[in-house]
Amino acid sequence: MRLFNVPLMEDESLTSFTSRFAWANARTAMEFCQDFGFSFRSVIAGNDDAITRLSELSGIELGSLGAAAVKRCGEKTVWVAGEETPFMFYMRGVLKFCPACFAEDELRHDIKPRSRKYIRKSWYSRFIRTCPVHCLSLASAGTHGQPDHIHDLCWSLDYLRREVAVASREVVEQSFTEFEEYVIGRLRGGKPGNDFLDPLPLFVAGDVCELAGMVALHGKDVTISDKSDRQRWEAGAKGFEIFKVGTAGLHRFIDDLYRQHDSVRASHGGNELFGKFHEILANKKADPAYEPVKDAVRSYAFENLPLTDTTILFGKGGDAKFISLNSIHKRYGVPDRLLRKYLMTTGGISTLPGTDVPAIAAADVERLVALLNDLVRATEAAKMLGVTISAFNLLVGNGLVSVAVPKDEDAEMSERYSRRALDEFRDSLLAKANTTDVNGLMSIKAVSRSLRATLISILHALIRGDLKSVGIDSTKSGIMSLLLAVDEVETALTPARSTEPEEDHLTVIDLSTLLQASPNSIYKFIARGLIETGTIRNAVTNIPQRVIAPEVAGAFQKRYVSLAECCRRSGLHSAAVRHICMAAGLERAFPREELREVFYLRVEAELALSGAVPEWNRSEGALSQGH
């Protein structure tokens, strides 16, 4: 049986050729294939046996027909330019065409009528929306829904002739964009050297270009589903304009999206940062082929943008440059309140660049956490040393223990001490133990009471090495476990036990004695700035200690008088002195909530007491003021 042949046209698909071949012989594509013992479905799938049979029937070279075939490779994928491509990106079931090309096809009088129009394979691509020959938008007549004839071009043109006519009138002039040129080149097996797009499957590269273009043209919150084919053509062109320089273009695009977000907290999501570009890739592009794009965005963002460890991009975190305060609290167990107080007190708090969101540079977190975990309050520090809080305050006041973080009332931060430094100080004292024979030795507390010597003075003697017999009471801990020879301590303290303060400065204890006030009150006056202090090294121990100049002490003594001094000079009980002062209308110089110990303004107190107590000794007051 002799068949009427048709030529295989340039860039024609195998289904288009088979349809024209069948119609030239007055058959539908399905009927024609059945007549010769194979199915049109095998042609659609690009099966080798169908291609071989068509070659035998048409006389066309097997290789040419094979190149025209679109081979099925999965349930919903086909091979396109050597790449597995989902149907939605290579739409063969939709009649998409260029009316001008069809019109030129009809001029081929060497081909039987109704067999002249053919489908160009490049038209199947979702990303080709322009005819490169006529610079017209491609028309789409949709699909007729007849499963046996969806790929039968000639049958479809006849069945959809009205839709084809309407669609043909709707085409407009538009340029063949650089994006479409790139797609055509990829369809023909070419890769121009784009380090971002070329390694991606074409359907991913094209899809990402359109998505980026949509976001660039319509904003991060763009709704894509309602966009027209013309808007998608514009988006593809815009996206390729962004990415045609490769990875550098992707980085600039990510930077631009980041600059558009308004940061009010340390924890961000990818949708907040990059809008629909992230949302669609993360939620609607589960195909593993998109992973290189997601990885490239994630890698660049975490490496170059000020993100925190709580940022999640495409379901994963990364090596962020900053750590949120909340993460430090959760990850390391550092109390959030302590962390914020410490940073406020030390001025170490930082923020994400360009924002006021608090965060810590990742490189500094381990050091910060170690420092915070090392800090203890005074009460815990006292327990570590095995002393009372009063004794501990004396250790601090005399420079034996240093403050690691000073008190900050604005930050509501109390003084903090270094656990490591406290351990070292305690261990250095205990290391002085040089005997296990503790017979005749007394506890340091008992020695202090026996000699009426201060703990500080005894510790100084121990630090100087003046004590030769030092033991440890294993039933106690810390400094209070020290056992000493009382006679050695007495000998060591004899030259230093003068009750008179040194002429060039006074210690806190000296001033406490002078003002007849407790050391705690003196520390509070210092903290409030009422008494100015300096720091010098102790001549004996070489340890820094806080001191007060005589003129500063004199100025304070001239202005204020303690209740204790009033009682001593008047010979009255404290209640009687209070009653006299109250009757004279005197008020405490410092409210009780600030200072438990009672002080009065000296001038007012002396006036009130001198009138009520004949024995009041003004000369002693004058002498004290001139000390």
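Select from the stretch 410-457 the residues that are among the β-branched types (Val, Ile, Thr) and under 23 Å from Lys383 (Cβ atoms) and list them in ascending order.
Ile444, Val447, Thr454, Ile456
Restricted to the stretch 391-433, and to residues that are modelled with pLDDT of 90 or more and of a type in the set (S, T, N, Q), which residue is surrounded by the fewest Cβ atoms within 10 Å (Cβ to Cβ)?
Only one residue tops the list, namely Ser428.
The rows are residues; the columns are (1) closer than 19 Å to Asp11 by Cα; (2) out of contact with any Pro (no Cβ under 6 Å at 6 or more places or on another chain); (3) modelled with pLDDT of 95 or more.
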residue	(1), (2), (3)
Val94	yes, yes, no
Phe97	yes, yes, yes
Ala100	yes, yes, yes
Cys131	yes, yes, yes
Gly145	no, yes, no
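Given the options Lys341, Lys321, name the one that is in contact (Cβ under 8 Å) with a residue 40 or more places away in the chain and more than 22 Å from Val405 (Cα to Cα).
Lys321
Say whether the condition of being among the aliphatic types (A, V, I, L, M), in contact with a strand residue (DSSP E or B) (Cβ under 8 Å, 6 or more places away or on another chain) and over 27 Å from Thr130 (Cβ atoms) is met by at least one residue in the stretch 283-292.
no
Would you be able to say whether some residue in the stretch 112-121 is in a loop (DSSP other than H, G, I, E, B) and aromatic (Phe, Trp, Tyr)?
yes
Assuming Gly46 fulfils every condition listed in (1) surrounded by 15 or more Cβ atoms within 10 Å (Cβ to Cβ); (2) assigned to a helix (DSSP H, G or I) apart from one, which condition is it?
(2)
What's the total number of residues in the stretch 122-132 that are assigned to a loop (DSSP other than H, G, I, E, B) and of a type in the set (Val, Ile, Thr)?
Residues meeting the conditions: 1.
Given the conditions (1) under 25 Å from Leu305 (Cα atoms); (2) assigned to a helix (DSSP H, G or I), which single one is not true for Tyr342?
Only one criterion in (1) under 25 Å from Leu305 (Cα atoms); (2) assigned to a helix (DSSP H, G or I) is unmet by Tyr342, namely (1).
Restricting attention to the stretch 297-328, which residues are open to solvent by 70 Å² or more (accessible area, probe 1.4 Å) and closer than 19 Å to Ala361 by Cβ?
Glu303, Asn304, Asp319, Lys321, Asn326
Out of the stretch 311-339, which residues are assigned to a helix (DSSP H, G or I) and of a type outside the set (Lys, Arg)?
Within the stretch 311-339, Leu325, Asn326, Ser327, Ile328, His329, Tyr332, Asp336, Leu338, Leu339 qualify.
Out of everything in the stretch 16-41 that is open to solvent by 10 Å² or more (accessible area, probe 1.4 Å) and either in a loop (DSSP other than H, G, I, E, B) or of a type in the set (Ser, Thr, Tyr) (or both), what residue ends up being nearest to Leu157 (Cα to Cα)?
Top of the filtered list is Thr28.
Identify the single condition in (1) open to solvent by 30 Å² or more (accessible area, probe 1.4 Å); (2) at positive phi; (3) among the aromatic types (Phe, Trp, Tyr) that Tyr332 does not satisfy, given that it satisfies every other one.
For Tyr332, the exception is condition (2).
Just checking, how many residues over the stretch 548-574 are modelled with pLDDT of 90 or more and more than 14 Å from Phe599 (Cβ to Cβ)?
Counting residues in the stretch 548-574 that are modelled with pLDDT of 90 or more and more than 14 Å from Phe599 (Cβ to Cβ) gives 8.
Of all residues being of a type outside the set (Phe, Trp, Tyr) and farther than 17 Å from Gly219 by Cβ in the stretch 242-251, which is surrounded by the most Cβ atoms within 10 Å (Cβ to Cβ)? Just the residue, please.
Among those residues, the one meeting the criterion is Leu250.
Does the stretch 145-158 include one or more residues that are among the polar types (S, T, N, Q) and over 28 Å from Phe203 (Cα atoms)?
no
Only one of these conditions is not met by Leu395: (1) closer than 30 Å to Thr311 by Cα; (2) over 38 Å from the mean Cα position of the chain (by Cα). Which number is it?
Single failed check for Leu395: (1).
Please enumerate the residues belonging to the stretch 410-446 that are of a type in the set (A, V, I, L, M, F, W, C), in contact with a strand residue (DSSP E or B) (Cβ under 8 Å, 6 or more places away or on another chain) and more than 15 Å from Gly386 (Cβ to Cβ).
Met413, Val438, Leu441, Met442
Filter the stretch 1-15 for residues that are in contact with a helix residue (DSSP H, G or I) (Cβ under 8 Å, 6 or more places away or on another chain) and over 18 Å from Gly66 (Cα atoms); which is most open to solvent (accessible area, probe 1.4 Å)?
Phe4
Yes/no per residue for (1) over 24 Å from Ala69 (Cβ atoms); (2) touching a strand residue (DSSP E or B) at 6+ places or on another chain (Cβ under 8 Å); (3) open to solvent by 50 Å² or more (accessible area, probe 1.4 Å):
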site	(1), (2), (3)
Asp148	no, no, yes
Leu157	no, no, no
Thr177	yes, yes, no
Pro192	yes, no, yes
Phe196	yes, no, no
Glu210	yes, no, no
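Restricting attention to the stretch 345-368, which residues are at pLDDT below 80, surrounded by 17 or more Cβ atoms within 10 Å (Cβ to Cβ) and assigned to a helix (DSSP H, G or I)?
Thr345
Being at pLDDT below 85 and not in a helix (DSSP H, G or I) is the filter here, so list the residues in the stretch 477-504 that pass it.
Arg497, Ser498, Thr499, Glu500, Pro501, Glu502, Glu503, Asp504
Looking only at the stretch 252-296, which residues are polar (S, T, N, Q) and either open to solvent by 30 Å² or more (accessible area, probe 1.4 Å) or modelled with pLDDT of 95 or more (or both)?
Gln260, Ser267, Asn271, Asn283
Quick check on my filter: what residues within the stretch 49-94 are closer than 23 Å to Gln34 by Cβ, of a type outside the set (Ser, Thr, Tyr), touching a helix residue (DSSP H, G or I) at 6+ places or on another chain (Cβ under 6 Å) and open to solvent by less than 50 Å² (accessible area, probe 1.4 Å)?
Ala50, Ile51, Leu54, Leu65, Gly66, Ala68, Ala69, Arg92
Among the residues of the stretch 96-153, how many are on the phi < 0 side of the Ramachandran plot and without any contact (Cβ under 8 Å) to a residue 12 or more places away in the chain?
Qualifying residue count for the region: 9.
The values are calculated or read from the model by the stated rules, or taken from the named source; none is laboratory data. As the structure is a prediction and not an experimental result, all values here were calculated from the model. Every residue, glycine as well, gets a Cβ built from its backbone with ideal geometry; the counts of neighbours run over all protein chains shown. All accessible areas refer to the heavy atoms of the entire protein, side chains included, with ligands and DNA or RNA removed. Shrake-Rupley method; radii C 1.70, N 1.55, O 1.52, S 1.80 Å.
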